[in-house]
Structures are given as C-alpha cells and as structure tokens.
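J.: Quick one: this structure, given as structure tokens, is what I'll be asking you about.
Here, each number is a calculation from the coordinates, and none is a lab measurement. Since this is a predicted model, take the numbers as computed values, not measurements. Ideal geometry is used to build each Cβ from the backbone, glycine not excepted, and the neighbour counts take in all protein chains shown.
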Amino acid sequence: MPSSKKYLLAFCLFFFFHTAFAQNAEKIAAINAKLSSEKTDSNRVMLLNDLFVQYREYDSAKAMEYVNQATSLAHKIGFDKGESLLLLNKGVFLNLNGENDEAEKLINQSLNIRVRINDFSGQGYCLRSLGNIQYDKNDYTKALEYYLAAAPKFEKANDLKGLSGDYIWVGNVFNEGLHQFNKAVEYFDKSLVLAKQLNDSSLMSYDYNNLGQAYYFAKNYDSALYYYRQSRQLKELLEDDRGLGNAFSNISNVFFDRKEYDSAAVYNTYAFNIRQKQNDKKGMATSYSNGANIYLQQKNYTAAFEDYNKAIALGNEIGFKEPVIESYNGLSQYYEIKGDTKLALEYYKKYKLANDSIFNSGISQQLSTLQTKYETTKKQQLINEQQFELTKKQYWIYGSAGLLALVCLLSYSYYRRYKLKQEKRLQVEVMRQQDLSTKAVIVAEENERRRIAADLHDGVGQMMSAAKMNLSAFENDIPFKDDQQKISFEKIINLVDESCKEIRSVSHQMMPNALLKSGLASAIKEFIDKIDTRVLKVNLHTEGLNERLDGNVETVLYRVIQECVNNVIKHSGANSLDISLIKDTDGIAATIEDNGKGFNITNKENIEGIGLKNIRSRIEFLKGTVDFDSSPGNGTLVAIHVPLV
C-alpha cells in the first residue's frame, strides 16, 4: 500500500475513534443525569447496566464497578430478571477478557434464575454464551451442544433475534470446527434472512463478518473482503468498536493471504489499538500472532519473535489456545529460517500436538453426530407441526359443525326469548293500560266528587242558607194565630238548618278540607271525630305520617279507610273499631279491625261485593296488597300494604 494511502486511512480512523469517544461521553453524561434523579430501584439497576455497557469499551475497571453495583442492588430488591441480565453481561465481559472460569460460573447463575422464572429467551442467551466459552477453548463439540440446546429456547420464545444469533454460532462451528464452508454459509444466510426481517443492523454486521470468514477459509478472498467491508461499514454506523476491531483484523488476514503485507500490517495495527484500549486480551493475543506472521514475511525477524512470544504468554494466561497454536507454528518457521532445526522441530511438535488435541477425526464425528441429531429433531418437529396442522383442520371442521349447530340453537333460543319478551311487553302494556284505566276511573270519580261537593256547598247549600235566613227574617212579621202555629214555623226553620248542616257534612265527606290542607292522618281523624262514640268507639293510631304523601296515595287510602269504616257502621254491628296507619321504609301499612259479627270469607258473594271490589281495585292501582280476615262472630280485619316508590 502506498504510504499516502496509509496516512489517509490512519487519519480517518483517528477521526472516527475521537468522534466515537466524544459521543460515548455524551451518552454517559445523559445516563448519569437520569440516574441522579431516578427513585425507582429497578430503573436504577437498568441505568447502572447502561453505564457498564458504555464503559466496557473504554474503561474495564469502571465498567466492573458499575456492573457490580447493579448486580448487588438487583439482588437486594429481588429484581430477578435484572439480576440474571447483569450476571450474563458480566460473564460475557469476563470471558472476552480471558477469565473463562469466573465467566462460566456467572453465566450458570444467570441460567438458573432464568429457568426459575421461565424466561425461555434468557435461557437461550445463557446457553449460547456458555457455548461461546467452549468455542473460545476450541472445544467445538461442547460448544455445538450448547448452541443446539439454545435454538429451541429461542423458538419457544419466538425470539427471532436470538435465533438469528444462534445460527451464526452454529455456522462458526461448521466454519472453523468442521471446515464445512458450504454448511457454514447455509447457517449464516439463515441468520441474515432473520436479521433483515428484523431490520437489525447489529445482527447483519455479524452475519456479513461470518460470511466473510466462511469465504476466507474457502480461499475466496474477493468475496471475503466484500463481506468484511460490509460488516465494517455497519460496525462504524453502530459505533461498535469491539466489532470494528474484529473487522480490521479479518481484513488484515485477507491482505496477508493475498501477500499484501504492508496493508495487512496497517489493518492489524488498527485492530490491536482498539483491542488494547478495550483491554480485549483475546483480541490482543490474536493481533500479536497475526502481527508476528506479517513481520516474518516482511523479514523483520526480531519483531516477529517478540510478538510470537507475547501471543503465547497472553494466550496461556487467559487459556485462549488459538493464537498460542498459531504462534507455535510461526516460531517453528522462524527457527527454520534461522537454521536452528532442533528448535524448529520442537515448536512444530508443539504445534501439531496442540492442534491435534482440538481437532481430530473423533471430534469431527462427534460434531457431525450432533448436527445429524439436530437436523433429525428439526425434521421431527416439522412432521409434528404438519400433524398438528392436520389435526387442527379436523378440529376446525368439527368445530365449524358444532358452531353451526350452536348458532342454530342460539337462533332458536333468541327467537324464543324474543317471543317471550314480546309477550311480556304486551302483558306490561296491558297492565299499563289497566293502570291507566283504573287511574282514569279514580281520577274521574274524585273529580266528580269534587264537582258534586262544590255544587252542594256552593249551590244547594247556599240556597238552603238563604231560605233559612229569609224564614228567620219573616218570623217576626208573621202574625201567628196561636203558639202551635209558631212552633210549627220554628220546626220548619230547624229542618232547613239541619238540611244545611247535612249538605255541609256530605260535601266535606266527599272532599274533606283536612285531606286537601293537612294530609291523610288529619283527614281520617276529622272523619272519625264525626262518628257518634255512643254507637261506635274508634281508636286511631298513626305513625310516620309527618310529611305529606303523594296526592293519589292520600286520596285512595282515605277513600278505602272511609269505605271500610262505613261498612263497619252499616253491616258489622260492632261497638269498637281500631284503625292503625304506619309509614316506614317499606311503605304504608294500614289495618282496620272491628269486633262485629264478621262474615264468611269463603263465600264468594261476600268477598266479591261491590264495596270490597272497589277497595281491591283502588289498592291494586297503588301496586299494593289488601287481605281480609274474618269469620262469623269474630269480627273483621282488613290489612293493607302500599309500597312507596
């Protein structure tokens, strides 16, 4: 690569990193502002997790401080989902920094919580992360077991993003573990379809990177470089520095295999700088090994020797075998160039021993068996789904038939209900018309009483009063022949006076003033006071009638009690009558009880007389009830109850 291009690329990368760091600082400031005002503990947990995510790219110690705070708070408040997320994130972070054992422990703790709370998607992410730990140890058999265990969890949770990521790692096993590049591309393409369906740029960046890996191992360098560059563009847009470091490292590998060592060195340096800033020890070990290979080809043997040993030391420190194995092979070539065949052979043996320990025919067979098992499971699942669809169609047919029968039954039931409702409506209307008729009769009767009472009082009554006054005026002017004649005249005046009183009494009974002015209790008392106590002693008890009732209620009850009292006077031969009127929350209860001769209530002629019929019709008009209790020689009790609505 010409030096001017190198400097231009270096400047662009410096500008990108500076801008990304500034944007990261802005995000951190915004999260801290929210954290300072947030009161809800569960929200504080998630904000602390956000700070961990921001710092893990630049300051590992600060990132660990925040993730530990968040985990402790989540555990304290019983926020299971938050705690499991933090344990997983912390475990993944430690794995990237080479602390595999602690990472595995934390991820298993997260998995246990996710199992307990039935979080299937979370279980999938934990299983996949455990697979990644085994993948980094080059134990592809265990890695594939975890990945294939994760897939049905994502499917059950309908987590397409998780499933897409899982396909990437299954493809990685075929790519690097089995070297079945076509099979790897198949899985990467599956993942890419889901990523595009979700419009997930992050997933697409990983898919492009892994497709580049597959084509790189297949030695199709042009296709590999195309997909690596696609991945790099998305990583830059996403500000994913760790992913960008991987993209630069992969691009460096393509240039190395194309023997463009200067370009390979530039991209490897960019990758190393990013990884060193993030304390990505695995990435740093890989960059040391790749850089040493480049130096070896550039014949910078001292630098190559130093970087091979750095890669071996760091790889052994974190248990990351791949750069160690690659460096053993490189040192074998280095000593061969230097003419030290003994050391060259020693390092070649180390390389073969380590390489054969992670990949042999037995492991390949195990991986193939796992793949076959997975494919068989998927086929069985497809058969089960088809069987389910067939069963569902049968149920649909049966259900449709049942639904049709139910619709017919409901239609008939609806028709019956409609018919009954119409009959009830007709019945209600008939009762309403009966009520209106009864009310009209009662109103007409009361109006006629008022008219007759007014005519008696204002017409006949006034005329009789005038006649009495005129007769009294003539009394002194008439010369009576004898005392007998005068006595006869005075009798005439007395008869006229009695007639006036009778007219007034009749008019008041027909429409008593007390009922109009003072209410039911006063009207009944006034009516009773006119009864000769020598003939019939009446005891009246009233309760709760301090306030006026509805006009219709007062009028009807007055007429009914008046009718009952008149019946006692006319027919019972009683000398004592008890009347009780009580108003409470249920309505008005009235009883009229005498000690007369009584009657046989089983005799229809007695019970269906005009007087009793009038009483019944009036009380029914008020939606009340009336009962008669009588027998010969035991008096009569009339019990009335009228509800007040």
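J.: Just check the range 265-323 against the gyration tensor rule for me: Cα atoms, a ≥ b ≥ c as the square roots of the eigenvalues, rounded for a/c under 1.5, and otherwise prolate or oblate depending on whether a/b exceeds b/c.
T.: oblate
J.: What are the extents of the Cα atoms of the range 196-339 along their three principal axes, in Å, largest first?
T.: Sorted from largest, the Cα extents of the range 196-339 read 56, 31, 22 Å.
J.: Could you list, bin by bin from short to long, the percent of Cα-Cα pairs of the range 84-153 in 10 Å steps?
T.: Spelled out bin by bin, the range 84-153 gives 26, 55, 19, 0 percent.
J.: Counting just the Cα atoms, what span does the range 156-195 cover along each of its three principal axes? Round to the nearest Å and put the largest first.
T.: On the principal axes, the range 156-195 reaches 31, 16, 11 Å in Cα extent.
J.: How much length is gained on full extension from Asn68 to Tyr301, taking 0.36 nm per residue of separation minus their Cα-Cα distance?
T.: Numbers: separation 233, 0.36 × 233 = 83.88 nm, distance 4.43 nm.
Here the segment from Asn68 to Tyr301 would lengthen by 79.5 nm.
J.: Which entries of Lys421/Lys613; Lys310/Lys338; Lys183/Lys393 show an alpha-carbon separation above 26 angstrom in the structure shown?
T.: Long pairs (Cα-Cα over 26 Å): Lys421/Lys613; Lys183/Lys393.
J.: Let me ask you something else. Express the C-alpha Rg of the range 187-245 as a ratio against the empirical globular expectation 2.2 N^0.38 Å, rounded to two decimals.
T.: 1.06
J.: For an R0 of 51 angstrom, estimate the FRET efficiency from the Cβ-Cβ distance between Asn112 and Ser400 and round to the nearest 0.05.
T.: Calculated value: 0.65.
J.: To one decimal place, what orientation-averaged projected area in nm² is obtained for the convex hull of the Cα set of the range 96-247? Mind showing how you got there, number by number?
T.: On the way: hull surface 34.8 nm².
Here the figure is 8.7 nm², rounded to one decimal.
J.: Among the listed pairs Lys142/Lys190; Lys153/Lys352; Lys81/Lys321; Lys105/Lys350, which have their C-alpha atoms separated by more than 28 angstrom in this model?
T.: From the list (Lys142/Lys190; Lys153/Lys352; Lys81/Lys321; Lys105/Lys350), the Cα-Cα distance tops 28 Å for Lys153/Lys352; Lys81/Lys321; Lys105/Lys350.
J.: Calculate, in whole percent, how much of the Cα-Cα pair population of the range 552-645 lies beyond 18 Å.
T.: So the portion of pairs separated by more than 18 Å is 41 percent.
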